[in-house]
Amino acid sequence: MAIMQCIFESEVLGKKSGMNVLLPERGASDCSVLYLLHGHGDNYLTWCNNSEIENLAREYNIAVIMPEAEKSFYHNMETGPRYYDHIAEEIPALAKRMFGVENDPKRTHIAGVSMGGYGAFMIALRNPDRFCTAGSFSGCLDLYSCLCEYEEPITECRTVFSDFETIPGSNADLLTLIETVQNPPQMYQFCGTEDFVYEYNRRFLQKAQKLHLPVEYSECPGEHEWVLWREQIKQYISWMLAKEK
């Protein structure tokens, strides 16, 4: 397994950015790829620092791309860089050009924790033909309600959405996206029952189930914490590879 920390010049962002990349030693042209997104206040190093993702990538022989998104919620920010374009378009193109990642929709996956769980579902639902599965671990799945309630601790959110009232009904609103998406990818959703985003997760799940969307849901006692997410990434990778068959 090759482990690379990449610093590169992003044309979309207009500045240097970074990503951690895990690649099978035989190359990435014929393997599954997972785009793994970090949470609010974290960075592209967080998954390697807080989980066993390196061992999992080696065990399952997959490529893992972990990009930087700052506190953007994976959107083109109102008063900041265009992180949706960067993550959804530029990063996959760079992964193909630099590392030979094929991005075959039947073997391409996206997942994340907290802000990254929201980002993974948002990107996958906006691009359902590009992903086999999407995973959210304690994601802010009702973004409008979450930002309205926790605006103060979720710092810099006004640089992303200057007016929260524009979120409902837009492509930033997962509760709207699941109403309009055609042929969505398989979705894996997890949340701890004491997590501050638990009710937002239940709200998303209930609507997804009402629409008969393909959601695999699990929960267990716990808060917004890595002790849960370290176990969930193991469960998710095994599940996502089974969905390729």
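Just so you know, all these numbers are worked out from the coordinates, no wet-lab data involved. Since the structure is predicted, the reported quantities are computational estimates derived from the model, not experimental observations. With ideal geometry, Cβ positions are generated from the backbone for all residues, glycine too; neighbour counts draw on all protein chains shown.
Summary table below
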{"read-out": "Cleavage-rule hits, GluC sites (Glu not before Pro), segment 134-165, DSSP coil, Cβ neighbours within 10 Å at most 13", "value": "Glu151"}
{"read-out": "The chain - mean residue ellipticity at 222 nm from DSSP helices (-39,500 (n - 2.57) per run, n ≥ 4, rounded to 500)", "value": "-9500 deg cm²/dmol"}
{"read-out": "Long-range HN-HN contacts of Asn76 with modeled amide H, under 5 Å", "value": "Tyr83, Tyr84, Asp85"}
{"read-out": "Gyration tensor verdict on segment 139-245 (Cα atoms; rounded if a/c is under 1.5, prolate if a/b is larger than b/c, oblate otherwise)", "value": "oblate"}
{"read-out": "Spin-label zone in segment 52-74 - amide nitrogen under 12 Å from a point set 7 Å from the Cα of Met98 along the C-beta vector", "value": "65-68"}
{"read-out": "Local net charge near Glu194, Cβ-Cβ under 11 Å (Lys/Arg +1, Asp/Glu -1)", "value": "-4"}
{"read-out": "Label-point separation in nm, Asp129 to Lys243, each point 7 Å along Cα→Cβ", "value": "1.9 nm"}
{"read-out": "Taking all pairs of distinct alpha-carbon atoms in segment 187-234, Kirkwood radius in angstrom", "value": "11.1 Å"}
{"read-out": "In sequence order, calculated HN-Hα J values of segment 227-235 (Karplus, 6.51, -1.76, 1.60; Hz; x Gly/Pro)", "value": "4, 7, 5, 4, 6, 5, 5, 5, 5"}
{"read-out": "Size of segment 53-132 as Cα extents on the principal axes (Å, biggest first)", "value": "40, 24, 23"}
{"read-out": "Taking only Cα atoms of the chain, radius of gyration then Dmax in Å", "value": "16.5, 49"}
{"read-out": "Proximal charge balance of His224 [Cβ under 10 Å; K/R count +1, D/E count -1]", "value": "-4"}
{"read-out": "Karplus 3J(HN,Hα) series, Hz, for segment 22-27 with 6.51 cos²θ - 1.76 cosθ + 1.60 (x for Gly, Pro)", "value": "10, 10, x, 5, 7, x"}
{"read-out": "Among the listed pairs Lys210/Lys245; Lys71/Lys234; Lys106/Lys234, those beyond 23 Å (Cα-Cα)", "value": "Lys210/Lys245; Lys71/Lys234"}
{"read-out": "Loop trypsin sites (Lys or Arg not before Pro), segment 2-104, which have at most 16 other Cβ atoms in a 10 Å radius of their Cβ (DSSP)", "value": "Arg26"}
{"read-out": "Per-residue ³J(HN,Hα) for segment 104-117, Karplus 6.51 cos²θ - 1.76 cosθ + 1.60, θ = phi - 60°, Hz, x for Gly and Pro", "value": "5, x, 6, 9, 10, 9, 9, 8, x, 10, 6, 3, x, x"}
{"read-out": "Simple label model, 7 Å out from Cα along Cβ direction - Tyr217 to Gln235, nm", "value": "1.4 nm"}
{"read-out": "Between segment 110-141 and segment 4-22, the Cα center-to-center distance that results, in Å", "value": "21 Å"}
{"read-out": "Residue-span extension gain [Ser29 to Met1] - 0.36 nm each, minus C-alpha spacing", "value": "8.7 nm"}
{"read-out": "Surrounding net charge for Glu59, when Lys and Arg each add one and Asp and Glu each subtract one, Cβ distance under 14 Å", "value": "-1"}
